[in-house]
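Worksheet: one structure, shown below.
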Amino acid sequence: MRLNISEILSAISQKPIGSGTEATTYDAGSYVVRVPHSVKIDKAFRDKLSSGAYRYMRADNVHGRRNFGQALYNLTDPMSGTVVLSVCKKVDGIPTNDLVEEPLTAQQRANAVSVAIEKMRIMASAPQSAYNKLVDDLNHLATTNFTIDPSEGNMLFDAGAGRFHIIDLRPVKNIRNIGDLILLLLTDIPDMPDNAEYYKLELKIMGKLMRAARSRGVKCAEQLKLKPRALEVLKSDAARKLYESNYQNIALQSHSK
């Protein structure tokens, strides 16, 4: 099943549901329509869509049943071969982290901590299987020519399904590691004040992630220390010590297919 042109036109006429570094996304019921920023949605574009000027092509399914919000179909310009629009899998869930930038007032910082704690409560209560599947997804991507962008908002957690979903994949070969998952899981709050509940939840989340990494292994050529940015995201000494005491015990796997 695929969206017809009238459904696509209806979707891109609505308010976007998201806008990343490369594209804007629109809700289309059971799907999401993704339009690159290089494409201007104007009357000329809509007219070309309506006239059938673009070629509807099935996207390669290299991810099987996994849901990264990947493209199912692409509309391409038959002259240049450029993708002008993609129909993607829909991903349910809440963003696991948020973008928090300075300058912040004391109240804004307190609000950021409060929002982060609400999300961390949900993730900390997720079953261990959710973290195991997340590491499995990371390992799967190492066998493809896709990579993740470990930035704010690029992972969702579906509490109903007990499942993390990495989104915003890019067609570039780039092996990622556990540090990138930490960046996707936690909100980086600059100069965060001490907060006992935050530290407790952070430690619980890190414990489940490290158990998953030890049990599943990670497709890296060598054991990698945390990048400085990931270290900044971890706010408690306990969470950093947990990582340091476990990372050497993460089994390494070949990242070839």
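The values are calculated or read from the model by the stated rules, or taken from the named source; none is laboratory data. Note that the structure is predicted; figures quoted are calculated from it, not measured. So basically every Cβ, Gly included, is an ideal-geometry build from the backbone, and we count neighbours across all protein chains shown. Quick note on the areas: whole protein, heavy atoms, side chains included, nothing else; ligands and nucleic acids left out. Shrake-Rupley method; radii C 1.70, N 1.55, O 1.52, S 1.80 Å.
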Residue under evaluation VAL39, criteria (1) out of contact with any Phe, Trp or Tyr (no Cβ under 9 Å at 6 or more places or on another chain); (2) assigned to a loop (DSSP other than H, G, I, E, B), criterion not met: (1)
The one condition in (1) hydroxyl-bearing (Ser, Thr, Tyr); (2) at pLDDT 95 or above; (3) farther than 18 Å from ILE148 by Cβ that SER86 fails to fulfil: (3)
Which numbered condition ILE17 fails, given (1) free of Cβ contacts under 8 Å to residues at least 60 places away in the same chain; (2) in contact with a Cys (Cβ under 9 Å, 6 or more places away or on another chain): (2)
Tabulated pairs, region 198-217, first assigned to a helix (DSSP H, G or I) and among the aromatic types (Phe, Trp, Tyr), second at pLDDT below 95 and open to solvent by 10 Å² or more (accessible area, probe 1.4 Å), C-beta under 9 angstrom, 6+ apart or interchain: TYR198/MET192
Tally of residues being part of a loop (DSSP other than H, G, I, E, B) and without any contact (Cβ under 8 Å) to a residue 40 or more places away in the chain across region 102-129: 4
When residues of region 227-249 are limited to those that are surrounded by 13 or more Cβ atoms within 10 Å (Cβ to Cβ) and touching a Lys or Arg at 6+ places or on another chain (Cβ under 8 Å), the one nearest to ASP191 (Cα to Cα): LEU234
Residue tally, condition under 23 Å from GLY162 (Cα atoms), over 13 Å from the mean Cα position of the chain (by Cα) and of a type in the set (Ser, Thr, Tyr), over region 87-115: 1
Count - residues of region 184-209 that are open to solvent by less than 10 Å² (accessible area, probe 1.4 Å), of a type in the set (A, V, I, L, M, F, W, C) and in contact with a helix residue (DSSP H, G or I) (Cβ under 8 Å, 6 or more places away or on another chain): 6
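Can you tell which of ASN61, ASN97, ASN74 is more than 21 Å from THR143 (Cβ to Cβ) and out of contact with any strand residue (DSSP E or B) (no Cβ under 6 Å at 6 or more places or on another chain)? Write out each step before concluding.
On the way: ASN61 fails: more than 21 Å from THR143 (Cβ to Cβ); ASN74 fails: out of contact with any strand residue (DSSP E or B) (no Cβ under 6 Å at 6 or more places or on another chain).
It is ASN97.
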Where TYR26 falls short, out of the listed (1) under 17 Å from LEU156 (Cα atoms); (2) in contact (Cβ under 8 Å) with a residue 24 or more places away in the chain; (3) part of a strand (DSSP E or B): (2)
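Somewhere in region 165-172, is a residue assigned to a helix (DSSP H, G or I), under 15 Å from the mean Cα position of the chain (by Cα) and not basic (Lys, Arg)? Give the steps one after another, and end with the answer.
First, pick out the residues of region 165-172 that are assigned to a helix (DSSP H, G or I): none.
No, region 165-172 contains no residue that is assigned to a helix (DSSP H, G or I), under 15 Å from the mean Cα position of the chain (by Cα) and not basic (Lys, Arg).
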